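Shown next, in structure tokens, is the structure this report addresses.
The values are calculated or read from the model by the stated rules, or taken from the named source; none is laboratory data. Note that the coordinates shown come from a computational prediction; the quantities given were computed from them, not determined experimentally. Here Cβ is always computed from backbone atoms with ideal geometry, including for glycine, and neighbour counts include all displayed protein chains.
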Amino acid sequence: MKKLIARALVPLAVAVLGLTALTTTQTPAQAAVVLNSSDVTANLWEWTWDSVAAACTDHLGPAGYGAVQVAPPAESISLATSDGGAHPWWEVYQPVSYKLTSRLGTRAEFAAMATTCHNAGVRVYVDAVINHMAGANNTITTTYGGSTFNPSGYGYPAVPYAYDDFHHANDGWCADDDAVIDDWNNTSEVQNCMLLSLSDLKTQSATVRTKIAAYLNDLIGLGVDGFRVDAAKHVAQPDFAAIRSQLNPTTAEGRAPYIAQEIFTGATNPDLKPAAFTSNGDVLGFSYAMGLRTQFTNGTLNNLATIPSWSLDATSDRTAAMITNHDLERDGTTLRYQDGARYTLANYFLLAYPYGRPFVYDGFTFSTSNTGASPPADTNGFVTDANCGNGAWQCLHRSTGVKGMVGWHNATAAATTVSDFTTTASNVIGFRRGALGWFGLNASGGASTATYRTGLPDGVYCDVISGAATSTGCTGASVTVSGGSAAVTIPANGAFAIHAGSRSGGGSTTPPPSSAVAVTFNGTVTTTWGTNVFVAGNVAALGAWSPAAAVPLSSAAYPVWSATVSLPPNTAIEYKYIKKDESGNVTWESGANRTFTTGASGTATRSDTWR
């Protein structure tokens with residue numbers, strides 16, 4: 001949501017697919033392949049549905065991205081004129097109905113995109129605008145789908161919503177004379193008054209909640225796997241929890257949809273800080289993005305060793321981490337594509353450091369003198385397909401370096417901590433993720449050569465930022481690890497990354513198993529009815545950390561849950577217990593990963609108590 005659109009908010013209108021249509025039976029978009037077990041998301045903001053589908057097939061799926069985030073799909077206002085020019089980008093944040101006819105494509109194109117992305121192994125997350133409808137101060141009422149609305153009368157018949165479905169000045173909820181938020185630390189005002197004159201939905205109403213849930217369930221029925229909830233700070237936590245309780249499981253995996261909430265930082269009131277909202281899902285990492293901008297701008301990458309001591313918005317497991325998004329790049333409060341190498345290096349770091357779920361952002365290019373300008377579009381405002389060769393679109397997600405780092409992130413996911421953080425200079429650093437991978441970053445103007453402890457077995461490894469490992473060698477730079485260390489030359493304003501799977505020639509860094517070790521897991525875990533317990537870990541036999549592939553445990557000796565698993569011999573194993581409820585919600589036990597090393601053969605037993 002744009003924080004500065006308080007200007008003359010204008011029209012909206014769209015197609016005729018009201019709430020009645022939302023309740024019709026949908027054909028689920030089923031995944032034809034197993035979805036990628038990665039927590040990396042590409043945020044392709046205001047890309048058309050056809051462009052997103054092509055990106056999933058050609059780049060995101062093959063590179064190992066776990067999801068793609070798309071812009072709001074609901075019918076919105078259509079402004080031929082505004083203070084930002086014709087058809088400003090923020091039109092899509094002013095919905096007039098929940099029909100899926102938008103400037104980004106049709107309902108059929110959206111459904112086809114979801115199916116195509118699933119077929120490529122990629123989940124689909126939608127930017128959901130549920131706090132408000134189009135602005136009550138609009139004077140133009142044209143829309144992209146032809147729906148009508150009455151802004152001053154708070155009438156949105158295509159949903160339908162009427163006057164009593166919204167908050168108003170001094171109505172018992174919004175204790176403010178103009179009904180617009182003025183005190184950003186007043187919880188009642190922030191959550192019950194209008195954000196920048198946008199018609200604020202009365203989410204305390206069961207009727208309103210049901211209509212919002214119907215919209216989200218319509219999207220789930222078409223294959224949507226999660227939501228980035230716009231302006232979630234302005235919806236009371238119990239209200240959103242009530243909406244979430246009505247959501248269906250996803251069609252591809254049968255689990256609760258992923259939630260990432262936009263909770264802009266800055267409030268001093270604890271009830272309005274991001275951490276207060278994590279019971280409903282993840283929160284966007286605004287402070288993390290702003291903190292990274294400070295360190296990269298100041299050339300103090302050595303400070304990145306102590307990220308947990310920063311003033312972060314939430315814990316790592318509850319943060320959707322990013323370098324920027326559409327609001328932040330326009331405000332200049334974070335790094336953005338205009339920052340060149342620093343921006344690219346920060347994205348590499350985002351994928352290398354184990355904090356949050358990484359979201360790699362790509363929108364369209366813009367002038368800092370007109371931050372409200374439209375994405376590339378025709379004269380009627382319908383966005384044209386993304387073209388990564390004409391300079392109008394940002395396409396970092398498909399670069400060799402970022403795709404290589406997505407693979408590196410996935411390959412090192414089981415190592416959840418950083419070791420041997422080395423500062424060669426204030427702006428040259430290196431670190432390893434256990435014995436799975438090493439990463440180095442050089443934000444200086446000259447190449448830097450130093451010896452680093454990699455944690456990897458001896459051999460020749462290919463840098464995944466400049467190229468890849470093949471059966472015959474490396475397509476980019478390479479380095480030799482000897483005695484676990486390597487003398488690495490990191491190019492100026494560049495990075496270097498190797499992992500256990502990037503060995504030159506495609507050789508394995510793990511000796512082939514001679515015989516399996518039968519390991520019995522006995523976890524003492526108390527549960528509620530309908531909840532089951534699983535064990536997940538860093539090897540394929542334990543699901544490679546994917547909850548969907550975790551090993552189910554038997555409750556025959558409750559509260560001890562047990563299973564015997566064949567694991568590779570002489571292997572360092574990391575694991576944790578997880579709970580899954582009837583809705584597919586997953587809860588991981590707290591604390592560090594449990595660890596042990598299997599023997600050469602035979603059996604072993606692990607007896608643990610849930611943390």
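Structure notes:
- Cβ separations smaller than 8 Å between residues 6+ apart or across chains give the following pairs from the stretch 163-180 residues that are in a strand (DSSP E or B) to residues that are among the basic types (Lys, Arg): PHE166/LYS202.
- Among residues that are in contact (Cβ under 8 Å) with a residue 40 or more places away in the chain and over 25 Å from HIS87 (Cβ atoms), GLY445 is included.
- Any hit, the stretch 493-502, residues being in the same structural domain as ASN442 (by TED's automatic domain parsing), surrounded by fewer than 16 Cβ atoms within 10 Å (Cβ to Cβ), in contact (Cβ under 8 Å) with a residue 12 or more places away in the chain and closer than 29 Å to LEU345 by Cβ: no
- Any hit, the stretch 248-257, residues being modelled with pLDDT of 95 or more, assigned to a helix (DSSP H, G or I) and not assigned by TED's automatic domain parsing to the domain that holds VAL586: no
- In the stretch 118-137, the residues that are outside the structural domain of TYR156 (by TED's automatic domain parsing) and surrounded by fewer than 24 Cβ atoms within 10 Å (Cβ to Cβ) form no Cβ pair under 8 Å with any partner that is among the acidic types (Asp, Glu) and modelled with pLDDT of 95 or more, whether six or more places apart or across chains.
- The stretch 248-268 - residue that is within 19 Å of the chain's Cα centre (by Cα) and of a type in the set (A, V, I, L, M) and, of those, surrounded by the fewest Cβ atoms within 10 Å (Cβ to Cβ): ALA256
- Any hit, the stretch 185-194, residues being out of contact with any helix residue (DSSP H, G or I) (no Cβ under 7 Å at 6 or more places or on another chain) and part of a loop (DSSP other than H, G, I, E, B): yes
- Residue count, the stretch 143-163 (criterion: crowded, with 19+ Cβ neighbours inside 10 Å and in contact with a strand residue (DSSP E or B) (Cβ under 7 Å, 6 or more places away or on another chain)): 7
- For beta carbons closer than 8 Å, sequence separation of 6+ or different chains, a first residue in the stretch 383-400 that is on the phi > 0 side of the Ramachandran plot and a second that is surrounded by fewer than 17 Cβ atoms within 10 Å (Cβ to Cβ), the qualifying pairs are GLY391/THR365.
- Filtered residues of the stretch 445-467 (kept if over 13 Å from SER485 (Cβ atoms) and within 30 Å of the chain's Cα centre (by Cα)): CYS462, ASP463, VAL464, ILE465, SER466, GLY467
- Residue match in the stretch 387-397 (condition: among the small types (Gly, Ala, Ser) and buried (at least 16 other Cβ atoms within 10 Å of the Cβ)): no
- Residue count for the stretch 296-314, restricted to those that are within 19 Å of ALA267 (Cα to Cα) and exposed (fewer than 14 other Cβ atoms within 10 Å of the Cβ): 1
- Matching residues in the stretch 535-583 - criterion: being surrounded by 15 or more Cβ atoms within 10 Å (Cβ to Cβ) and either in contact with a Cys (Cβ under 7 Å, 6 or more places away or on another chain) or of a type in the set (D, E, K, R) (or both): GLU574, LYS576, LYS579, LYS580, ASP581
- Some residue of the stretch 211-231 being farther than 24 Å from ALA548 by Cα and among the hydroxyl-bearing types (Ser, Thr, Tyr): yes
- Being at pLDDT below 95, within 26 Å of VAL122 (Cα to Cα) and not assigned by TED's automatic domain parsing to the domain that holds CYS388 holds for only one residue in ALA468, ALA435, and it is ALA468.
- Test for ALA377: is it out of contact with any strand residue (DSSP E or B) (no Cβ under 6 Å at 6 or more places or on another chain), of a type in the set (A, V, I, L, M) and within 30 Å of GLU109 (Cβ to Cβ): no
- The stretch 81-101, residues that are in a loop (DSSP other than H, G, I, E, B) and either under 17 Å from GLY146 (Cβ atoms) or of a type in the set (Phe, Trp, Tyr) (or both): HIS87, GLN94, VAL96, SER97, TYR98, LYS99, LEU100, THR101
- Tally of residues being within 22 Å of TYR343 (Cβ to Cβ) and touching a helix residue (DSSP H, G or I) at 6+ places or on another chain (Cβ under 6 Å) across the stretch 389-422: 8
- Single condition ALA213 does not satisfy, out of (1) of a type in the set (A, V, I, L, M, F, W, C); (2) assigned by TED's automatic domain parsing to the domain that holds PRO238; (3) touching a residue at least 40 places away in the same chain (Cβ under 8 Å): (3)
- Filtered residues of the stretch 584-598 (kept if surrounded by 13 or more Cβ atoms within 10 Å (Cβ to Cβ) and either among the small types (Gly, Ala, Ser) or not in a loop (DSSP other than H, G, I, E, B) (or both)): GLY584, VAL586, THR587, TRP588, ARG594, PHE596
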